[in-house]
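In what follows, a single structure is set out as C-alpha cells and then discussed.
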Amino acid sequence: MIQLDADMQTAINNAFTDGCPILWTSAGTDGQPSSNFFGTTQAFSDHELALWMRTPARGFLQRIAENPKVTMMYRNAGTRLTFQIHGEARVANDAAIDQRVYDNSVEAERNADPERKGLAIVVDVTRVIQRGEVVQSRDGATGAKVD
C-alpha cells in the first residue's frame with residue numbers, strides 16, 4: 001500500500017523553493033529514457049503526485065501516452081533526504097483537477113503560464129524507494145533491494 005507521509009509530501013511540495021529540483025524520467029515505445037526537471041511537482045494525495053505541464057507539446061506527454069511508467073527522483077543534500085518514486089502517469093482531462101494543480105504550483109511556475117495553456121498530469125504512485133530498498137509498494141511487496 002502507498003501512503004506518502006507528511007515529511008515526503010512537504011519535501012515534494014517545497015522542492016522548488018528549497019532549491020531541490022525534482023527530476024522525472026519517462027520512456028516511450030522506443031525505450032529511450034528522457035529526464036526533465038518539473039518545478040510544478042506536488043503531492044496530490046497520499047498516493048498520487050501531480051504536475052502542471054505548461055507546454056503541452058513537450059515530449060513527456062507523448063512518452064506517457066505510449067508508456068505511462070515514470071520515475072521521480074528527489075534529493076535534498078542539506079537534510080540528506082533522498083527518495084525515488086515510481087508511478088503511472090496520465091493526463092488528468094478534468095477542469096477541476098487542472099485548476100487545483102495549477103493553483104498549487106509555485107508562483108514562478110504559474111507566472112510562466114499566465115493564460116493556463118498547460119494541463120495537469122496525475123501520477124499514481126506504484127512504489128517508493130529509499131536507500132536502495134523498496135519501502136512502499138502498491139502491491140504490498142517491500143524490502144526488495146534495487147539500485
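The values are calculated or read from the model by the stated rules, or taken from the named source; none is laboratory data. Values in this document were obtained by computation on a predicted structure and should not be read as measured data. All Cβ positions, glycine included, derive from the backbone under ideal geometry; neighbour counts span all protein chains shown.
Details
- Against the list (1) of a type in the set (D, E, K, R); (2) crowded, with 19+ Cβ neighbours inside 10 Å; (3) assigned to a strand (DSSP E or B), the condition Arg63 fails is (3).
- Only one entry of Asp103, Asp94, Asp139, Asp124 meets the criterion of being of a type in the set (D, E, K, R), under 17 Å from the mean Cα position of the chain (by Cα) and farther than 15 Å from Trp24 by Cα, and that entry is Asp103.
- Qualifying residue in the range 76-91 (condition: modelled with pLDDT under 95, loosely packed, with under 12 Cβ neighbours inside 10 Å and hydroxyl-bearing (Ser, Thr, Tyr)): yes
- Each residue in the range 66-85 was checked for being in contact with a strand residue (DSSP E or B) (Cβ under 7 Å, 6 or more places away or on another chain) and either without any contact (Cβ under 8 Å) to a residue 24 or more places away in the chain or not in a strand (DSSP E or B) (or both), and 2 pass.
- Matching residues in the range 1-44 - criterion: being at pLDDT 95 or above, of a type in the set (D, E, K, R) and closer than 18 Å to Glu88 by Cα: none
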